[in-house]
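Input: a single structure, listed below in structure tokens.
The values are calculated or read from the model by the stated rules, or taken from the named source; none is laboratory data. None of these values were measured; they are calculated from a predicted model. Glycine also receives a Cβ, built like all others from the backbone with ideal geometry; neighbour counts cover every protein chain displayed.
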């Protein structure tokens, strides 16, 4: 029976016309040409220009439903916390497509630290245009309706038969027809991630907007950023008992230290964005508890760092390629950020396999911070599964730099935009608020890439905050 189910799952996967973000990247939209314009406001219509768009935004939402084949399996897994493996779960593979819907897939994923299979919605990438916005609204509305029906079914039973709900919202994988969905952890809500192409010159804005407020921040500035900080609440608020490990706090450190350094001040915005992104990796790997490689950055570079470096302004690239320039800069920045030696591994504190500090493992010691940057300048990002010097652990880098040199194209048809994955941007979000959140994220990304005013002028804010 198990082999038959596995065979059906593989066959279904081949037939799906929609491929995940991993395989397609973000430069193409998979879907029909029809869009629903019902939710477009006059502000949003004005907001999108007429130029052809080759940028896109995609979303992922991890939800609290665990798939099981029978009650006995459910009890065994829940009671014993059996970790995910092909031995324990021969019927599952990570990213198996359970349901193919209009602009999305419902997939199998694995959650840390429970390490058991959960379900996750993965949307197609939506073209960053008015038409793409309408498609996004339509898709997220369908997903929200699906969650509402699961919620209603869950009031009657903790175990929900997949075939009693899912076929109403798309094509159910035959291999999963008999599964039941167990509502484990807060099934009414989900953890959000999104992926988008964003100009390097806009990254300084991103970092400043999501960083925790300065102690002397004016009331006017605080109000201007209020919506942004609500949008990225898990970064900017989070658990104040571990303030030194909160993303918003660490962003603030990186921004303030680099902005105070002369070389950084003399660089163009794109180069500043590149260095902010690189230092985010170094700071977060040192200060933040890293449970697996992909959990280290909260803004993860899907385009690798070597490709980003290659697209920096020529004069800046020449300066940053000279060891007599970048080495003292890095040494000084590392000292100010209390990061220790530039010779330490990129993952300086190791990777935590459990919540216990004494059980951390230094599995990425083969790559030092300095060697990483030297190779970036020479054209190779070693912090990827393709290039990591220790082949034994290379696969554990997962999607870090997994797109290689692939980028989105800007409106001018020449400029390239690196692809970034924004991980767990907000506190767990009830499904009835998903559409509002996706609209805000989509408009924010579009506002950034328009680059009409790199200080977020009032017109852009007005568009972004439009309800």
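Values as computed for the structure displayed
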quantity	calculated
Residues of segment 302-320 classified as closer than 19 Å to residue 387 by Cβ and either in contact with a helix residue (DSSP H, G or I) (Cβ under 6 Å, 6 or more places away or on another chain) or in a helix (DSSP H, G or I) (or both), total	6
Residue that is surrounded by 16 or more Cβ atoms within 10 Å (Cβ to Cβ), modelled with pLDDT under 80 and within 21 Å of residue 430 (Cα to Cα), where the choices are 158, 188	188
Which numbered condition residue 214 fails, given (1) under 25 Å from residue 120 (Cβ atoms); (2) outside any helix (DSSP H, G or I); (3) at pLDDT below 75	(1)
Any hit, segment 194-202, residues being closer than 30 Å to residue 153 by Cβ, touching a helix residue (DSSP H, G or I) at 6+ places or on another chain (Cβ under 7 Å) and at pLDDT 80 or above	yes
Lone qualifier among 441, 363, 376 - being in a helix (DSSP H, G or I), modelled with pLDDT under 90 and either touching a strand residue (DSSP E or B) at 6+ places or on another chain (Cβ under 9 Å) or assigned by TED's automatic domain parsing to the domain that holds residue 295 (or both)	441
Residues within segment 245-279 that are within 13 Å of residue 208 (Cβ to Cβ) and in contact with a helix residue (DSSP H, G or I) (Cβ under 8 Å, 6 or more places away or on another chain), tallied	11
Single condition residue 404 does not satisfy, out of (1) in contact with a helix residue (DSSP H, G or I) (Cβ under 8 Å, 6 or more places away or on another chain); (2) under 28 Å from residue 232 (Cβ atoms); (3) at pLDDT 95 or above	(3)
One residue from 403, 435 being touching a strand residue (DSSP E or B) at 6+ places or on another chain (Cβ under 8 Å), crowded, with 16+ Cβ neighbours inside 10 Å and either more than 29 Å from residue 312 (Cβ to Cβ) or in contact (Cβ under 8 Å) with a residue 24 or more places away in the chain (or both)	403
Strands (runs of 3 or more DSSP E) enclosed by segment 99-174 - at least 2 residues per element that are touching a strand residue (DSSP E or B) at 6+ places or on another chain (Cβ under 6 Å) and farther than 15 Å from residue 64 by Cβ	104-111, 116-123
